[in-house]
Amino acid sequence: MRALIQRVKQASVSVNNDVVGSIDQGLLVLLGVQKGDDQAKVTKLLEKVLKYRIFADAEDKMNLSLRDINGGLLVVSQFTLAADTQKGLRPSFSSAAPPVEGENLYNYFVEQATNLHPAVATGRFGANMQVSLVNDGPVTFLLEV
């Protein structure tokens, strides 16, 4: 399971020109589910996302987490994060979870995030989405479990 996290001043996701999720300061999480991922991996990755210290403290050091700043969390499914790009000039998606399994684990991630964090917004699984963001820094990390 992979999460590309971006520290943002604001972010939103639209489907068919309708905004379906948006946040102000916080994290945009692009979530990729791979074969073999399970609820235990979701729990571990979500805990890391919520506690990852990438926001500035009073001394301008990355010491604060999303929880510390009470920021927003925008979760967007991103199938392409599961791609194998090691060979050739075309990505292989053989390591991606099947769509039903991927959707179930994405929904579980969102459900658990909503239970643990007060400000959660989402995209729409499997939809053609347009993501807009103002990356703060820029600060972007790839988290894997």
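Data for the structure
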read-out: Inter-residue pairs, beta-carbon under 9 Å, first under 21 Å from Leu74 (Cβ atoms) and in the stretch 17-40, second acidic (Asp, Glu) and at pLDDT 95 or above, 6+ apart; value: Gln25/Asp136; Val33/Glu101; Val33/Glu103; Asp37/Glu101
read-out: Check on Thr80, in contact (Cβ under 8 Å) with a residue 40 or more places away in the chain, loosely packed, with under 15 Cβ neighbours inside 10 Å and among the β-branched types (Val, Ile, Thr); value: yes
read-out: For Gly126: the one exception among (1) among the small types (Gly, Ala, Ser); (2) touching a Phe, Trp or Tyr at 6+ places or on another chain (Cβ under 9 Å); (3) on the phi < 0 side of the Ramachandran plot; value: (3)
read-out: Listing of strands (runs of 3 or more DSSP E) fully contained in the stretch 55-143 that carry 1 or more residues being over 26 Å from Ala40 (Cβ atoms) and of a type in the set (A, V, I, L, M, F, W, C); value: 62-64
read-out: Test for Pro99: is it out of contact with any strand residue (DSSP E or B) (no Cβ under 6 Å at 6 or more places or on another chain), closer than 19 Å to Lys9 by Cα and surrounded by fewer than 21 Cβ atoms within 10 Å (Cβ to Cβ); value: no
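The values are calculated or read from the model by the stated rules, or taken from the named source; none is laboratory data. Every value quoted in this text rests on a predicted model; they were computed, and no experiment measured them. Neighbour counts run over all protein chains shown; Cβ positions are idealised from the backbone, glycine included.
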